[in-house]
Structures are given as C-alpha cells and as structure tokens.
Amino acid sequence: AHGPLEHVYDIKVQGVSVEKIAEVNLFLSKLTGTQIGFTTCGLLTITKEFILTIAGVFLTYFTVLYTL
C-alpha cells in the first residue's frame, strides 16, 4: 500500500485548489504514518520485510539442523 508514496511526492501542485492540496497532504500523512497492510489480530503488520525475515529464520534453522 505504500508503493505510490514516491509518485505522490512528484505531483505538481501549481494551479491546484487548496482543498485538493489538503487531500494530497492527508494522503501523504497516511502513507508515511503507521504501516498499512494485513495484521494478525492487530498485533503486527505483515509486510514484505516480515515475510523475508521469517523465510531467513527458517532457512537458517534448517541449514544449522542439516549440518548437525
């Protein structure tokens, strides 16, 4: 959900009404705030980084288990 953040920063606001600029600023504040995504009962947000960390933990665990 945070993908469009860098594109929103590139929006040209010259000649745009104050209301539309306020909407863009509100959208930016929501994107730069807390992470948006699937949550596990509100405890943690499942992000790409979280999935990669879990995969790395399992890979390390099985590598250590295999070498024993």
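The values are calculated or read from the model by the stated rules, or taken from the named source; none is laboratory data. What you see is a predicted model, and the numbers here were worked out from it, not measured in a lab. With ligands, DNA and RNA removed, areas are computed over all heavy atoms of the protein, side chains included. Shrake-Rupley method; radii C 1.70, N 1.55, O 1.52, S 1.80 Å.
Brief remarks follow.
- Selection count, the range 47-68, where residues are of a type in the set (A, V, I, L, M), open to solvent by less than 90 Å² (accessible area, probe 1.4 Å) and under 29 Å from the mean Cα position of the chain (by Cα): 3
- Of residues in the range 1-37 being β-branched (Val, Ile, Thr), outside any helix (DSSP H, G or I) and open to solvent by less than 70 Å² (accessible area, probe 1.4 Å), the one modelled with the lowest pLDDT: VAL13
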